[in-house]
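The values are calculated or read from the model by the stated rules, or taken from the named source; none is laboratory data. The shown structure was predicted, so the numbers you read here are calculated from the model rather than taken from an experiment. As a convention, Cβ positions derive from the backbone with ideal geometry for all residues, glycine included, and neighbour counts pool all protein chains shown. Only protein heavy atoms, including side chains, enter the accessible area calculation; ligands, DNA and RNA are left aside. Shrake-Rupley method; radii C 1.70, N 1.55, O 1.52, S 1.80 Å.
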Amino acid sequence: MTRDDGLDGAPAAVARVVVIATGGTIASISDPGGAAVARRTAAQLLGSAGYGDVEVEGRDVLNLGSYLFGHRELRVIAEAVAAALARDEVTGVVVSHGTDTMEETAFLLDLVHDGDKPVVLTGAQRAADQPDSDGPRNLREAIAVAASPGARGCGAVISFAGRIFSPGRTRKHHTVAAEPYRTADGGPIGRIGASGVVITALPVRPAPLARPGPRFDGTRVDIVTVHPGADAALARAAVRTGAEAVVLAGTGVGNANHALLEWVSEAVAAGTVVGLSTRVAEGPVVPTYGNAGGADLVRAGALSMGALPLYHARLLLALLISEGVAVTEPTIAPYV
Ligand SMILES: NC(=O)C[C@H](N)C(=O)O
């Protein structure tokens, strides 16, 4: 099957999109106890209706809620995406995915994406067996984005409820809303509406990193949250149990307290990477305060993760460490 692209009269190859199914609510149906469990396959998600002039093929890679994913699952998805993208006849790839940790997978896929073909993650907030499930619409839109020439060069994106997001600063910001994603200090880079896929902004993306190798699976990077009364017990336990880096989710612009400041000095001296992030949903880390605030933490050797969201920061450190990259201010500068 061919279609005329209308540009030079030559028939263009038909758009072909590979849908990689990984589970999530988009694939979930009620079990006998009434709990939603990922069960539906790629073929079941795609159905038999067809997707206009886009040829679509499904591939089952995982079938789990994304709350169950570890680094291994993220690596397996990255490998499946790369294999699909490597096929000349493939225009773009869709990954159907649970919404809980889609921000991490999308960020990883974006970090390692080194071509122009679109990679589009989508999911659903209402299970596949709900009469008002948003899955079919989200999937249809994601396929349209993956097939769209306009989405080329945007890297990996999240397509959800008619909006397209670049993952670099995008997080799930609402547990149940039909539009669960928001880009911190930014907005969607495009929309899907009556006139099709419209890209309104091109994301700025750093040079691609190498895809994670098997070492990524066991690379432990933990998050320790700062709160009134927090001590260093959890941070110490993280290192004791194998964490190669710890991200501090500081208060405000990235502050902690004297117990954690003392730990940062000891941990950095012993070779642990300490990233300084914030527990606040939006806005960058700005090392400002003394008396165990962010300025002191950075002086003690913590690395400011800048405007990179908390869970993105954790993932970036895990990827860099697993690749044997020395994590320093200059090596993380392009991402934060
Ligand atoms: N809406 C969802 O997909 C949430 C689901 N629990 C998941 O992340 O797999």
key: Residues of region 153-198 satisfying the condition of being within 17 Å of Val112 (Cα to Cα), surrounded by 17 or more Cβ atoms within 10 Å (Cβ to Cβ) and over 13 Å from the mean Cα position of the chain (by Cα)   = Cys154
task = Identify the residue in region 266-283 that is without any contact (Cβ under 8 Å) to a residue 40 or more places away in the chain and assigned to a loop (DSSP other than H, G, I, E, B) and, among all such residues, is farthest from Ala313 (Cα to Cα).
result = Ala270
inquiry  = I'm told Phe216 meets every condition in (1) part of a helix (DSSP H, G or I); (2) open to solvent by 40 Å² or more (accessible area, probe 1.4 Å) except one. Can you identify the failing condition by its number?
reply    = (2)
query = Of the residues that sit in region 71-87 and are open to solvent by 30 Å² or more (accessible area, probe 1.4 Å) and within 16 Å of the ligand (Cβ to nearest atom), which one is nearest to Gly23 (Cα to Cα)?
reply = Glu73
remark   = Result of the Cβ filter at 7 Å on region 299-325, keeping first residues that are under 16 Å from Val268 (Cα atoms) and partners that are in a helix (DSSP H, G or I) and open to solvent by less than 10 Å² (accessible area, probe 1.4 Å), at least 6 apart or interchain, is Ala300/Val264; Gly301/Val264; Ala302/Val264; Leu303/Ile332; Met305/Ala313
request  = Can you tell me which residue within region 46-67, out of those that are within 13 Å of the ligand (Cβ to nearest atom) and not hydroxyl-bearing (Ser, Thr, Tyr), is least open to solvent (accessible area, probe 1.4 Å)?
outcome  = Gly65
